[in-house]
Amino acid sequence: MNLYFRLLVFMIRVRFRSRLSMWDTSRTSFRVNPADLDVQRHMNNGRYLTLMDLGRMDLMLRSGFWKRLTAQGWYPVVAGQSITYRKSLVLWQKFDIASRVLGHDDRWIYMEQVFRVGDVVYADAIIRARFLRRTGGSVSIPEVLDLVGSVPPDMDVPAWVTEWNEATSQHSREL
């Protein structure tokens, strides 16, 4: 129930926030509440992933991309992610999630999301995502980019992201 309440509050708040470009960095603020805690009394590792969904939604909603996306009958899915936890978030602590698109290749859109308290990084994540059609099948990257609009010329996927993608793809084949 807590997540539905948080989603409702989020959806109301996002309507009053300034517009962004899909290439901007979205910053969303949250506070650790009792339902976010694990037995160690810090924010549960799974809750970070749930809140990252809201950070990505903030960027898509404020840029107008979500409306165009759903009009096409498409939806985003996370196909891979890696998160590093640096410090623990504790009860009632306020924090921000910064979400931004890092770039794309011929198959994936890559995003970075960083949890901060002030200027201190508490966790950071890399996400590999793609888009699917409600009628079935994948949406090609050129189709997604046509819907987004022009891509900044300096938007290249960082080498470390490409290496992460290749390493995680190779690892799954070895199992």
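The values are calculated or read from the model by the stated rules, or taken from the named source; none is laboratory data. Keep in mind it's a predicted model, so treat the numbers as computed, not measured. Note that each Cβ is placed from the backbone with ideal geometry, even for glycine, and that neighbours are counted across all protein chains shown. Calculation scope for accessible area: heavy atoms of the full protein, side chains included, ligands and nucleic acids excluded. Shrake-Rupley method; radii C 1.70, N 1.55, O 1.52, S 1.80 Å.
Loosely packed, with under 14 Cβ neighbours inside 10 Å and among the hydroxyl-bearing types (Ser, Thr, Tyr) - does that describe any residue in the stretch 47-63?
Looking through the stretch 47-63, at least one residue is loosely packed, with under 14 Cβ neighbours inside 10 Å and among the hydroxyl-bearing types (Ser, Thr, Tyr).
Taking the stretch 74-94 on its own, how many of its residues are closer than 19 Å to Asp53 by Cβ, assigned to a loop (DSSP other than H, G, I, E, B) and open to solvent by 60 Å² or more (accessible area, probe 1.4 Å)?
Number satisfying all stated conditions: 0.
From the list Thr25, Thr70, which one is within 30 Å of Thr135 (Cβ to Cβ) and polar (S, T, N, Q)?
Thr70
If you take the residues in the stretch 98-119 that are of a type in the set (Asp, Glu) and over 11 Å from Asn165 (Cβ atoms), which one is modelled with the lowest pLDDT? I'd like the intermediate steps shown before the answer.
Let us first name the residues in the stretch 98-119 that are of a type in the set (Asp, Glu), namely 105-106, 112, 119.
From the residues that got through so far, the ones that are over 11 Å from Asn165 (Cβ atoms) too are 106, 112, 119.
Working: Asp106: 93, Glu112: 97, Asp119: 97.
Among residues in the stretch 98-119 that are of a type in the set (Asp, Glu) and over 11 Å from Asn165 (Cβ atoms), the one modelled with the lowest pLDDT is Asp106.
From (1) at pLDDT below 95; (2) under 27 Å from Ser169 (Cα atoms); (3) open to solvent by 60 Å² or more (accessible area, probe 1.4 Å), pick out the condition that doesn't hold for Pro34.
Pro34 satisfies every listed condition except (2).
Before we move on, is Val9 free of Cβ contacts under 8 Å to residues at least 24 places away in the same chain, open to solvent by 40 Å² or more (accessible area, probe 1.4 Å), assigned to a helix (DSSP H, G or I) and at negative phi?
On the way: free of Cβ contacts under 8 Å to residues at least 24 places away in the same chain: yes; open to solvent by 40 Å² or more (accessible area, probe 1.4 Å): yes; assigned to a helix (DSSP H, G or I): yes; at negative phi: yes.
For Val9, the condition - free of Cβ contacts under 8 Å to residues at least 24 places away in the same chain, open to solvent by 40 Å² or more (accessible area, probe 1.4 Å), assigned to a helix (DSSP H, G or I) and at negative phi - is met.
In the stretch 105-120, how many are open to solvent by 50 Å² or more (accessible area, probe 1.4 Å) and part of a strand (DSSP E or B)?
Residues in the stretch 105-120 being open to solvent by 50 Å² or more (accessible area, probe 1.4 Å) and part of a strand (DSSP E or B): 2 in total.
When the residues of the stretch 7-24 are filtered to those that are of a type in the set (A, V, I, L, M) and in contact with a helix residue (DSSP H, G or I) (Cβ under 6 Å, 6 or more places away or on another chain), which remaining residue is nearest to Met60 (Cα to Cα)? Break it down stepwise before answering.
First, pick out the residues of the stretch 7-24 that are of a type in the set (A, V, I, L, M): 7-9, 11-12, 14, 20, 22.
Checking which are in contact with a helix residue (DSSP H, G or I) (Cβ under 6 Å, 6 or more places away or on another chain) leaves us with 14, 20, 22.
On the way: Val14: 11, Leu20: 9, Met22: 7 Å.
So, considering only residues that are of a type in the set (A, V, I, L, M) and in contact with a helix residue (DSSP H, G or I) (Cβ under 6 Å, 6 or more places away or on another chain), the one nearest to Met60 (Cα to Cα) is Met22.
Residue pairs, Cβ under 8 Å, 6 or more apart or interchain, first in the stretch 42-65 and within 14 Å of Val32 (Cβ to Cβ) and of a type in the set (Ser, Thr, Tyr), second open to solvent by 10 Å² or more (accessible area, probe 1.4 Å) and modelled with pLDDT of 95 or more. List them.
Between residues of the stretch 42-65 that are within 14 Å of Val32 (Cβ to Cβ) and of a type in the set (Ser, Thr, Tyr) and residues that are open to solvent by 10 Å² or more (accessible area, probe 1.4 Å) and modelled with pLDDT of 95 or more, the close pairs are Tyr48/Ile83; Tyr48/Tyr85.
Just one of (1) touching a residue at least 24 places away in the same chain (Cβ under 8 Å); (2) open to solvent by less than 50 Å² (accessible area, probe 1.4 Å); (3) within 29 Å of Phe30 (Cβ to Cβ) trips up Val139, so point out which.
Answer for Val139: the failing condition is (3).
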